[in-house]
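*Asks:* Got a structure for you, written out below as structure tokens; questions coming shortly.
Please treat every number below as a calculation from the coordinates, not as lab data. This structure is a prediction, so every number in the text was calculated from the model and none was measured. Quick reminder, even Gly has a Cβ in these numbers, built from the backbone with ideal geometry, and neighbours come from all protein chains shown.
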Amino acid sequence: MKSNIIIQKGKKQVIKICRSKKGFQKELYIYKKNLSFVPRLLDHNGVNTIMIEYIEGIPISDLLQPDFKKIAELFVELHSLDFKKGKRVCLNDSNPKNFLFCKKTRKYYMLDFSEWEYDYPESDLIHFLLFWASIYRASKFKKIFHQFINAYKNSLIINPIEWEMLVPEMILKFDSRRMKFFKIERKVNPHISKNREILTYIQ
């Protein structure tokens, strides 16, 4: 665990005690930006503890049908935050557990910024899509893939050469991470290979 988390629903706040100074600084950097899709920063101690707004939400992996167009817009806003030498601010851990949908506000939120890095934005998008490629049928994945990518491309450019070069690397990273944390599906999705083939090429 990268931080100790204390959820205080009654006070509508979450206290995060970061285990590393670097993780704390990274989290604080993002929360101070007051982004529309990030829980509000309430307080911090300048050392290792951050207090943020409690969002009563549902992890998007538990939704029957996430709105991938709106989720793509979260990445657009994050990736637009800063730009250095062809690289942008990237979440670097695009696991669906880091995304919530709040029924009350009808908004999607992004969480956990302790691992963000300046990276090629294509890597963030590929890593996020690999999760859905591992669970959806090919016909459904193809549809959400195009919805997500087209929504992102409405605001930011995706480099198709960079994308195709990064896919094999991101697949290895994704598979390695899931093995490390024992995220092995009980039943292997027979559509994974087809979905990863769909993911490989982008216009």
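*Asks:* Please go through the range 34-54 and pick out each residue that is surrounded by 16 or more Cβ atoms within 10 Å (Cβ to Cβ) and either touching a Pro at 6+ places or on another chain (Cβ under 9 Å) or among the basic types (Lys, Arg) (or both).
*Replies:* Correct list: Ile52, Tyr54.
*Asks:* Another question, then. Kindly indicate which of Lys33, Lys22, Lys12, Lys69 is on the phi > 0 side of the Ramachandran plot and basic (Lys, Arg).
*Replies:* Sole residue among the options that is on the phi > 0 side of the Ramachandran plot and basic (Lys, Arg): Lys12.
*Asks:* Another one. Need pairs with beta-carbon distance below 7 Å; first residue among the hydroxyl-bearing types (Ser, Thr, Tyr) and within the range 1-30, second crowded, with 17+ Cβ neighbours inside 10 Å; sequence gap 6+ or separate chains.
*Replies:* Correct list of pairs: Ser3/Lys16; Ser3/Cys18; Ser3/Gly23; Ser3/Ser114.
*Asks:* Taking the conditions exactly as written (in a loop (DSSP other than H, G, I, E, B), under 25 Å from Val89 (Cβ atoms) and in contact with a helix residue (DSSP H, G or I) (Cβ under 6 Å, 6 or more places away or on another chain)), does Leu156 satisfy them or not?
*Replies:* yes
Residue by residue, here is whether (1) in contact with a strand residue (DSSP E or B) (Cβ under 6 Å, 6 or more places away or on another chain); (2) closer than 22 Å to Glu77 by Cβ; (3) hydroxyl-bearing (Ser, Thr, Tyr) holds:
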position: Asn4; (1), (2), (3): yes, no, no
position: Ile17; (1), (2), (3): yes, no, no
position: Glu27; (1), (2), (3): yes, yes, no
position: Lys33; (1), (2), (3): no, yes, no
position: Phe37; (1), (2), (3): yes, yes, no
position: Leu42; (1), (2), (3): yes, yes, no
position: Tyr54; (1), (2), (3): yes, yes, yes
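*Asks:* Continuing with the same structure: Looking at the range 100-123, which of its residues are outside any loop (DSSP other than H, G, I, E, B), in contact (Cβ under 8 Å) with a residue 60 or more places away in the chain and surrounded by fewer than 17 Cβ atoms within 10 Å (Cβ to Cβ)?
*Replies:* Within the range 100-123, the subset outside any loop (DSSP other than H, G, I, E, B) is 100-102, 107-110, 117-119, 121-123.
Imposing the further condition that a residue be in contact (Cβ under 8 Å) with a residue 60 or more places away in the chain reduces the set to 107-110.
Answer for the range 100-123, where residues must be outside any loop (DSSP other than H, G, I, E, B), in contact (Cβ under 8 Å) with a residue 60 or more places away in the chain and surrounded by fewer than 17 Cβ atoms within 10 Å (Cβ to Cβ): just Lys107.
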